[in-house]
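Visitor: The structure under discussion is supplied below as structure tokens; questions concerning it will follow.
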Amino acid sequence: MTNRINKQELVSRLAEQTNQTLAATERTLDILNDIVISAVRNGEEVFWRGFFTARVKTLAPRLYKTPKGDYTKDTSFKLSFRASSAALERNVL
């Protein structure tokens, strides 16, 4: 099992290092989360130099059989979240 930091621990550490209240820090993280999700949903690539890149990839259309026996094509999407090479080189991740 890997060690994990949950949101509350992340908020606590960030608040301690920035001398902000827990509530203010949590609001800031929630806003950052909302901005990233909104941008990705709108087809934008989110690039944070030295940390990560997030974007939506369109997968090749697949042919599905419906319950009525008809066939339909459906395009699927996949969230791609990739750590930056700089973060990997620093052995951060």
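The values are calculated or read from the model by the stated rules, or taken from the named source; none is laboratory data. Everything numeric here is computed off the predicted structure, so don't read it as measured data. Don't worry about glycine lacking a Cβ; one is built from the backbone with ideal geometry, like all the others, and counts go over all protein chains shown. Accessible surface areas use protein heavy atoms only, side chains included; no ligands, DNA or RNA. Shrake-Rupley method; radii C 1.70, N 1.55, O 1.52, S 1.80 Å.
Visitor: Report the convex hull volume per residue for region 9-93, counting only C-alpha atoms, in Å³.
Guide: Per residue, the Cα convex hull of region 9-93 comes to 156 Å³.
Visitor: Still on this structure: Report the label-to-label distance for residue 62 and residue 39 in nanometres (one decimal), using points 7 Å from each Cα along the Cα→Cβ vector.
Guide: Here the answer is 2.9 nm between the modelled labels.
Visitor: Could you run the Karplus curve 6.51 cos²θ - 1.76 cosθ + 1.60 with θ = phi - 60° over region 63-72 and give me ³J(HN,Hα) per residue in whole Hz, x for Gly and Pro?
Guide: The phi angles translate into 9, 10, 9, 7, x, 7, x, 7, 10, 9 Hz.
Visitor: Return the lysines within reach of residue 57: Cα separation strictly under 18 angstrom, same-chain partners fewer than 8 residues apart disregarded; answer none if there are no such residues.
Guide: Hits, sequence-local ones excluded: 73, 78.
Visitor: Quickly estimate the mean residue ellipticity at 222 nm for the chain, helices only: each DSSP H run with n ≥ 4 gives -39500 (n - 2.57), and the total goes over all residues, rounded to 500.
Guide: After summing the helix terms and dividing by residue count, I get -12500 deg cm²/dmol.
Visitor: Which angle from 0 to 90°, rounded to the nearest 10, does the C-alpha axis of helix 7-18 make with the longest principal axis of the chain?
Guide: Its long axis makes an angle of about 40 degrees.
Visitor: Determine ³J(HN,Hα), in whole Hz, for all residues of region 34-42 in sequence, where each value follows from phi through the Karplus function 6.51 cos²θ - 1.76 cosθ + 1.60 and θ = phi - 60°; x replaces Gly and Pro.
Guide: Listing the rounded values in order: 4, 5, 5, 5, 4, 5, 5, 4, 8 Hz.
Visitor: Between residue 74 and residue 51, what FRET efficiency follows from the Cβ-Cβ distance if R0 is 22 Å, with the result rounded to 0.05?
Guide: FRET efficiency, residue 74 to residue 51: 0.10.
Visitor: Would you mind telling me the share, in percent, of accessible area of the chain contributed by carbon and sulfur at probe 1.4 angstrom?
Guide: Ligands and nucleic acids excluded, carbon and sulfur give 52 percent.
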